[in-house]
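S.K.: Below you'll find the structure I mean.
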Amino acid sequence: MFSKDNWDEILQALTANVFRTVLTAFGVFWGIFILVILLAAGNGLENGVKKGFDGIATNTMFMWSQTTSKAYKGLPKTRRYDFRNSDVAALKQAIPDLLYVSPRNQLGDFNGTNNVVRGTKTSAFTIYGDYPELIKQQPMDIIKGRFVNQQDINERRKVAVIGKGVISELYGKEEECVGTYIKINGINFMVVGVYSSKQQGGNAEQEQKNIFIPFTTFQQAFNYGDKVGWMALTAKDESSITDLKPKILELIKALHSVNPTDDRAVGNFDLYEQFNKVQSLFNILKVIAYFVGTLVLISGVIGISNIMLIVVKERTKEIGIRRALGATPGAIRGQILSESIFLTIISGMLGIAVATGIIALLNMALDSMPPGGNTMFANPSVDLGVVFVALLILVGSGLLAGFIPAQTAISVKPVDALRTE
C-alpha cells in the first residue's frame, strides 16, 4: 500500500515546518502521557491499599453483642446479653455457606495494667482466645514454632503464641523463647510459637504485641464459662458474607430473644462490604483517569486536525495538479489520512515510551525502600491491555484528525485548485 514515494511525501510534508509539526504532535504526546501516568498512579494506589489486606480473608464479618434497644417477649430494653458456645454450632448448622465461624475472647490490652510476667519482667499485652482457623482469617506469619492447633483446643492446653513485640519486652536479644514459660494473670503458659503480623499502617507495631492462646483454655483459665466475646465469620468463596449477614443476624436475634427489628442489639463490621467500597472507589478513579486523559488527547487531535487543514490549504495547487494528472479522490484522501495517522502514532508512541520510563524509575525508587514500610503506594503499572487500547485510540484519533482535511482536499475541483496562488 505504501511505497517509498508515499513515505518520502509524508516525511516531506511533516518536515516542511518542523517547529509547527513538533508543537502539533505535543498535544497527542501529552494526552497519551497523562492517560498512562494517571492509570499507573491509580493502579499504584490500589496496589498499596490492597497490600494492607494481604493475608486477610476479605469475605469476612465480625460480630459482637450489644445492649438491646427494644423490649421483646416480656424482656426489657437496654438488656445486656452474651454470645455462647452453642451459638457457634447453631450458625455452622443453619448456614452451610459459612467457611469459618471463629469464636473469640479478649483479655486486657497494651493500655491496661501489667498482665504478663516472665521472671523479673512484666508488661501489658492483649490476650486472645482463638481457634486454629484464625490464622487463615488474620494476616500473620509463624516465624518460629507453630500456631494453636486442634489438639490444644480439645485438651485445653496452656500454650501461647506470642508476637515479635512481646519478645522485645520480655526476652533478651539472643534468647530463645519457644519452650519457655510466661505467666498470664498468674497462670503459666508455655510458648509454642512466634508470629509476625502482616498488618500495615499506624496500628502495625501494636499488632506485633498480642498473645494467642487456645479458646477453650481461655474460657477455663479466666472463668469465662461458655461466654463468647465476639466472632469472626468467613463465607465460602462462592458466597458473599454480605448476602449471608441478614440470615446470620436473624438467627442470633432468635437465639437470644432479641426483637427482630432491633438493629442495635448485634454489632457487626462487614469487611467484605468495606473492601468492595474500596474496589468501587478505584474503579471510579480509573474511569476518571480515562476521561481526563481522553479529553487531553482530544485537544491534541483537534490541534492535528487544524494543522492538517492548513497543510491542505498550502498544498491546494499541488493537489489540483495531481488531480489533473489522474489521481483519484481515494488516493488524495489516503495520502492526507496517512500523514495524520503517522504524526499521531509517532507522537503517541513517544508519549507511551516516556510515561513507561518514568513508571520504571518510580518502581525502582519504591523497590529501593526498606521492606515493611507504611507506604500506601506500590508497584504502579499499566497492563498490556491498556497499551493496546491506547494504540487503538491513537489510530482512531489519527483517522479522526485527518478525515475533515482529507474531505476538504478532495472537494476542491482541479481547475479551481490550479488557479490558486
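S.K.: Please specify each residue of the range 254-298 satisfying the condition of being more than 30 Å from P76 (Cβ to Cβ), crowded, with 17+ Cβ neighbours inside 10 Å and among the small types (G, A, S).
M.R.: A289, G293
S.K.: State all residues of the range 100-120 that are more than 23 Å from D82 (Cβ to Cβ) and either open to solvent by less than 10 Å² (accessible area, probe 1.4 Å) or modelled with pLDDT of 90 or more (or both); if no residue qualifies, say none.
M.R.: Within the range 100-120, V116, V117, R118 qualify.
S.K.: Now, a different point. Take M190 and decide whether it is among the aliphatic types (A, V, I, L, M) and modelled with pLDDT under 90.
M.R.: no
S.K.: Using the structure shown, decide if G186 is out of contact with any helix residue (DSSP H, G or I) (no Cβ under 7 Å at 6 or more places or on another chain) and surrounded by fewer than 18 Cβ atoms within 10 Å (Cβ to Cβ).
M.R.: When the stated conditions are applied, G186 passes them.
S.K.: Next question, about the same structure. For F275, are the conditions met, namely being farther than 26 Å from I393 by Cα and either out of contact with any Asp or Glu (no Cβ under 8 Å at 6 or more places or on another chain) or modelled with pLDDT under 75 (or both)?
M.R.: Yes; evaluated as a whole, the condition is true for this residue.
S.K.: Quick one: how many residues across the range 219-275 are under 29 Å from the mean Cα position of the chain (by Cα) and under 30 Å from V116 (Cβ atoms)?
M.R.: 8
S.K.: Tell me whether the range 366-384 contains one or more residues that are more than 20 Å from A289 (Cβ to Cβ) and modelled with pLDDT of 75 or more.
M.R.: yes
S.K.: Ok, one more. If I filter the range 193-235 down to residues being part of a strand (DSSP E or B) and more than 30 Å from I95 (Cβ to Cβ), which single residue comes out as modelled with the lowest pLDDT? Let's see the steps before the verdict.
M.R.: Taking the range 193-235 first, the residues part of a strand (DSSP E or B) are 193-197, 210-214, 227-228, 230-235.
Subset that is more than 30 Å from I95 (Cβ to Cβ): 193-194, 196, 211.
Numbers: G193: 95, V194: 94, S196: 88, I211: 94.
Checking each candidate, the answer is S196.
The values are calculated or read from the model by the stated rules, or taken from the named source; none is laboratory data. Note that the structure is a prediction, hence the values are computed from the model and not measured. Note: ideal-geometry Cβ built from the backbone for every residue, glycine included; neighbour counts use all protein chains shown. SASA here: full protein model, heavy atoms, side chains in, ligands and nucleic acids out. Shrake-Rupley method; radii C 1.70, N 1.55, O 1.52, S 1.80 Å.
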